[in-house]
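Read the figures in this text as sums done on the coordinates, not as results from a lab. These figures come from a predicted structure and were not determined experimentally. Please note: Cβ atoms are built from the backbone with ideal geometry, for glycine as well, and neighbour counts cover all protein chains shown.
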Amino acid sequence: MSDFLWWRDGVIYQIYPRSFADSNGDGIGDLPGITGKLDYLADLGVDAIWLSPINPSPDKDFGYDVADYKGIDPKYGKMADFEELVRQAHERKIRVILDLVMNHTSDQHPWFIESRSSKDNPKRDWYLWRTSSKGKNAPPNNWQSIFGGIGWTYDEKTGEWYYHMFVKEQPDLNWRNPDVRAEMISVFRFWSELGVDGFRLDVFNEYFKDDQYRDNPKKFGIRPFDQQVHIYDADRPEMMSVVEEIRATLDAYPERYAVGETFLADPKTSAKYCGSGKLHAAFNFAFIHFPWKPDKFLKFVLEWEATLGDTWPNYVLNNHDTVRSATRFHAPDNDERMKVAAAMLLTLRGTPFLYYGEEIGMRDIPLKKSDLQDPVGVTYWPFNKGRDGCRSPMQWSAGANAGFGSGKPWLKVHPNYVNRNVEAQKSDPRSILNFYRKLLKLRKNTPALQKGMFVPLTYDPQQVMGYLRQVDGQTVLVALNFGKRKIKLALGPRLNDAKWELLLSNKREELPKIQKGWLHLSGDEVCILLLK
Ligand code: GLC
Ligand code: CA
């Protein structure tokens, strides 16, 4: 297709570099490891990879605490390895998206080391330093850290507090300082010059906090963080001009892309940051919180479509912060339910984001307290086990360490790797991996599935979801049975006498029974049909 726009029409695949492929046996995934798997990704059919942060980091939050925005962490490789990855990805028409974590730095970033060294250091104002009327005995206001405890840490040396939305080793930057802002904008240019195609902006709607540092109002919640309405530490009006500046910076290069991680935000708030002159997209995490019930998904799709207006939607079932969908949906081992989930994600109107291992139905690893690496799990155990569960090494084969690398992996491999791995699934035509491949291929060759408008056939589905995707003369019907029982989907009077061709199903090779406008589906069935 000549007007193919990669971030709109394509599929984006998130890689957690630590856990994807380890090329040198130190137990940590790395850039040459990823490069070595590009053929796999090309064969899967993805159009872009998003790498979780690869900048130098002391790993208090595994890369989300950055110590140098223009460098590559040696544990992942050298700059030359990154350039080689970009070159080889582009050779395969795979775009590269980097994760930029600009709300905060590491406390080991030279800027913060300087900033905390004295009150009159030129970089003092690069972070959010405050005194409190109660001195060291109480913080300047009631803001909390989402990772536990108050959001302020007292610094003995200078007698002031600094603010951190995440762990205390992640001090928040002061985006009101023009030097901070200019420095960050230069980061976009730096990587764009190196051929990077897009950026995922970590918690970008937190960059600005209230300039008067007012207390957040209280509300009911379990954790102290949830007992506040986050009006003064998130989504401040100053953000909009930064969003515009980021877009203008990217627009100086062809086909660059920015997707924002809107944190704590509802669909309306996410949508307001997107559009022409603003970000290309912002995530919504609704799908990540739903049980396996079609009505929830459908209602949200309709709401998201309506809220976005002209902005292109996106959907995500998995990422590095959440329990994997196969675990969340209590998917039986035969993977049929996860094929239905995959079909939904890849046939809705919007950019699908996949997360490494999703295509082979990886499950969360079971965690003991002694396994924990993620600061969230360490703080909240056993109420919240943190995010290590979804970050286990990619399962490539039944070999040692699931084929991840020769050394002991930084996080344990899921015991199911013996059967659940890429190699085994490649040779099984009925595997979930091959189903993802077929779906991606179908999507690529079917304009209606990429660009077509979304027309629901069901409005309050209890078990089955049906919709059409329509574009200039092409109509595709997607029928998804979320239940184990067979069921009928009403196609409606207009489609009573329609003739169909089967494009893809996980349950049959030929057209299903369609009688008087009723489409018959088996349990856990995906059926994608083309109107003739
Ligand atoms: C985002 C990231 C998460 C990280 C946090 C702080 O939510 O997705 O992994 O811990 O920001 O950077
Ligand atoms: Ca390594």
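Can you tell me the FRET efficiency between residue 321 and residue 370 if r is taken as the Cβ-Cβ distance and R0 is 22 Å, rounded to the nearest 0.05? That gives a FRET efficiency of 0.50.
Assuming a ≥ b ≥ c are the square roots of the Cα gyration tensor eigenvalues, decide whether the chain counts as rounded (a/c under 1.5), prolate (otherwise, with a/b larger than b/c) or oblate. Prolate is the answer for the chain, as a/c is 1.5 or above and a/b outweighs b/c. With the Kirkwood sum run over all distinct C-alpha pairs, the stretch 452-531 has a hydrodynamic radius of 12.5 Å. Helix 294-308 and the long axis of the chain differ in direction by around 60°, with both axes built from C-alpha atoms. Taking 0.36 nm per residue of sequence separation and removing the Cα-Cα distance, the residue 426/residue 296 pair yields an extension gain of 43.5 nm. The alpha carbon gyration tensor of the stretch 351-470 gives principal lengths a ≥ b ≥ c with a/c of 1.5 or higher and a/b no greater than b/c, which makes the shape oblate.
Angle of helix 79-91 to the longest C-alpha principal axis of the chain, folded into 0 to 90 degrees and rounded to 10: 20°. Taking amide H atoms as placed 1.01 Å from N in the peptide plane, the amide H of residue 104 lies under 5 Å from those of 173, each 5 or more residues away in sequence or on another chain.
Shown here: the stretch 110-163, whose C-alpha atoms stretch 28, 24, 15 Å along the first, second and third principal axes, sorted largest to smallest. Ignoring the sites themselves, the chain has its longest run without GluC sites (Glu not before Pro) in a DSSP loop having at most 15 other Cβ atoms within 10 Å at 256-508. Each of residue 5 and residue 406 was given a label point 7 Å from its Cα along the Cα-to-Cβ line. The distance between the two points is 4.7 nm. Stretching the chain fully between residue 182 and residue 484 yields a gain of 103.2 nm (0.36 nm per residue, less the alpha carbon separation).
Note that the stretch 517-527 has calculated 3J(HN,Hα) couplings of x, 10, 9, 8, 10, 7, x, 6, 9, 9, 9 Hz, one per residue in order, obtained from phi through the Karplus relation 6.51 cos²θ - 1.76 cosθ + 1.60 (θ = phi - 60°); glycine and proline are x. For residue 281, the residues whose modelled amide H falls within less than 5 Å of its own, excluding neighbours fewer than 5 places apart on the same chain, are 258, 260.
Averaging 1/r over every pair of different alpha carbons in the stretch 369-425 and inverting the result gives a Kirkwood radius of 12.1 Å. Stretching residue 497 away from residue 90 to a fully extended chain increases their span by 141.9 nm, per 0.36 nm per residue minus the current alpha-carbon distance.
Here is the list for the stretch 176-222: trypsin sites (Lys or Arg not before Pro) lying in DSSP coil, each with at most 12 other C-beta atoms within 10 angstrom of its C-beta, are 219.
Each residue of the stretch 442-448 was assigned a 3J(HN,Hα) from its phi angle through the Karplus expression (A = 6.51, B = -1.76, C = 1.60, θ = phi - 60°), giving 4, 4, 4, 9, 10, x, 4 Hz with x at Gly and Pro. For the chain, the longest principal axis of the Cα atoms and the long axis of helix 178-193 meet at an angle of about 40 degrees.
Phi-derived couplings, Karplus 6.51 cos²θ - 1.76 cosθ + 1.60 at θ = phi - 60°, listed residue by residue for the stretch 350-366: x, 6, x, 10, 9, 10, 2, x, 4, 5, 10, x, 4, 9, 5, 6, x Hz, with x used for Gly and Pro. For residue 157, a cut-off of 18 angstrom between C-alpha atoms picks up these lysines, skipping any fewer than 8 places away in its own chain: 119, 123, 134, 136, 168. Among the chymotrypsin sites (Phe, Trp or Tyr not before Pro) in the stretch 214-282, those located in a DSSP loop and surrounded by at most 12 other Cβ atoms within 10 Å of their own Cβ are 220. Relative to one another, the C-alpha centroids of the stretch 217-282 and the stretch 429-460 are positioned 29 Å apart. Averaging the sequence gap over all C-alpha pairs within less than 8 Å and six or more residues apart, then dividing by the number of residues, gives the stretch 452-531 a relative contact order of 32 percent. Our note on the geometry: Cα centres of the stretch 102-160 and the stretch 352-418, 33 Å apart. For the stretch 357-437, applying the loop criterion from DSSP together with a ceiling of 10 other beta carbons within 10 Å to the trypsin sites (Lys or Arg not before Pro) yields 368. With the cut-off at 21 Å, tell me which of the pairs 339/444; 293/488; 278/299; 60/369 have Cα atoms farther apart than that. Checking Cα-Cα distances, 278/299 exceed 21 Å. The distance from the alpha carbon centre of the stretch 1-25 to that of the stretch 298-330 is 18 Å, rounded to a whole number.
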